[in-house]
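A short write-up of the structure that comes next.
The values are calculated or read from the model by the stated rules, or taken from the named source; none is laboratory data. All values derive from a computational prediction rather than experimental measurement. Heads up, the Cβs are rebuilt from the backbone with ideal geometry, glycines too, and the neighbour counts pull from every protein chain shown.
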Amino acid sequence: MFFPVTTQHYSIGMWAYASQQGRYGDATAYYSSLGGVWDFLWLCLAVTGWKVFSAEFFFTHVEPNDSAWAWFRRTFAFRDTTILAIYRAYFVYGAALIFAWFIWARVSKHAQLDLSWGGPFWVMKATTHYGTWEGILLRTSIGAVVLALTCTILWLVLVRRLWAWGKDPNPPHRVAPIPREGRADLAIYMFTWLSLIALGAWRPRPSSTGSSVRRTW
């Protein structure tokens, strides 16, 4: 949490930490346990607040209060559809990533799903040494203090000026009507989302020897 000031680890052991298994092994374990459930929880929270992804919300609340979008328009001459697509891109990609890893763990790795606390049972967990309570308290205190001082110095020296420079005191007033979206727009986003899931679930992956890359379709 406070790296690089301290390498103190914090965990409630909800799912197995399997970094020694490599990227794919750790991902397989993560999306075969409560880790994957945790990701799906955040996805459900985003879906229940779906109105924040609507064109009306973006053009009436987000863009007028965030001058970065006006800068994008001026610099790259982006149209409404492009700006809206960029705004939604992280959600579309993040949602696709969750489903792709989950499907990949089930179909390609045939990993058994284990929703017990600290699972999955079949993975060798990475050993983490937390230290004594006194040591944890000391390292946490040092990390929090140094982090606070670092953020304060950065704010005074650099970030405050960037913040003032980026804030537009007179945001442009929107004259053009808010674009109306139809089924075609929804179809494009769904196609993009499903394509990303397919590419992620059946992407090339390292072979067992690590010397070559094989493609699984």
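Some observations on this one:
- Ala68 being over 17 Å from the mean Cα position of the chain (by Cα), within 30 Å of Ala148 (Cβ to Cβ) and hydrophobic (A, V, I, L, M, F, W, C): yes
- Within the range 127-151, being surrounded by 12 or more Cβ atoms within 10 Å (Cβ to Cβ) and either among the hydrophobic types (A, V, I, L, M, F, W, C) or farther than 16 Å from Ser11 by Cα (or both) holds for Ile136, Leu137, Leu138, Ser141, Ile142, Gly143, Ala144, Val145, Val146, Leu147.
- Taking the range 24-47 as the range and being crowded, with 16+ Cβ neighbours inside 10 Å and out of contact with any helix residue (DSSP H, G or I) (no Cβ under 8 Å at 6 or more places or on another chain) as the test, the residues that pass are Gly25, Ser33, Leu34.
- Qualifying helices (runs of 4 or more DSSP H) (wholly inside the range 116-217; at least 3 residues being at pLDDT 80 or above and touching a helix residue (DSSP H, G or I) at 6+ places or on another chain (Cβ under 6 Å)): 183-201
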